[in-house]
């Protein structure tokens, strides 16, 4: 064969990028001695099995998401168990919150939970956490941040929502110290 890509030391990586529909120009820039045109010609050399395998991997992506959510649920349950043993109620409640979010996400992904009216649909997005340098915050800053989270979680300090959350915690952890 006279194909430059077939003889290239990074052939497998190049083929992987082709299967992921990476622009030919970018592949060529990353691999010395190749042009976008030579990579384009190489496409006909891709084994049919590779293409089928890539399509099968794409089809299994939802199952992988479900597995990842299930792993998160298992992790939260382990944290809750350890926190209860150590009577670390703060960590226990935090892990229960995360568990609730994981279960809600799982139910939405499975179609078992429909969005509430007016809440719109489920939107997945990426965001960046911003932390103060060194993680240091003053006690006042920390209390203000906590108060903001409580305000958001209780629908602007709605007494009914606060009571509902209180009952939820009391029913989940009857052994909480007074």
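Within the range 38-54, track down each residue that is part of a helix (DSSP H, G or I) and either modelled with pLDDT of 65 or more or surrounded by 11 or more Cβ atoms within 10 Å (Cβ to Cβ) (or both). Give the steps one after another, and end with the answer.
Residues of the range 38-54 part of a helix (DSSP H, G or I): 38-45, 48-54.
Listed by number, the residues that qualify are 38, 39, 40, 41, 42, 43, 44, 45, 50, 51, 53, 54.
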**OP:** Could you tell me whether the range 20-37 includes any residue that is in contact with a helix residue (DSSP H, G or I) (Cβ under 6 Å, 6 or more places away or on another chain), at pLDDT 80 or above, within 30 Å of residue 99 (Cα to Cα) and surrounded by 14 or more Cβ atoms within 10 Å (Cβ to Cβ)?
**Re:** no
**OP:** Working only within the range 1-36, note down all residues that are touching a residue at least 40 places away in the same chain (Cβ under 8 Å) and in a loop (DSSP other than H, G, I, E, B).
**Re:** 1, 3
Original post:
Looking at this structure, is residue 113 at pLDDT below 65, in contact with a helix residue (DSSP H, G or I) (Cβ under 8 Å, 6 or more places away or on another chain) and farther than 30 Å from residue 16 by Cα?
Top reply: yes
**OP:** Answer yes if at least one residue in the range 66-73 is over 28 Å from residue 149 (Cα atoms), modelled with pLDDT under 90 and either under 24 Å from the mean Cα position of the chain (by Cα) or surrounded by 13 or more Cβ atoms within 10 Å (Cβ to Cβ) (or both), and no otherwise.
**Re:** yes
**OP:** Taking residue 119 as meeting all but one of (1) at pLDDT below 65; (2) within 30 Å of residue 20 (Cα to Cα), write down the number of the exception.
**Re:** (2)
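The values are calculated or read from the model by the stated rules, or taken from the named source; none is laboratory data. Please read all numbers here as calculations on a predicted model, not as lab measurements. Every residue, glycine among them, receives a Cβ derived from its backbone with ideal geometry; neighbour counts consider all protein chains shown.
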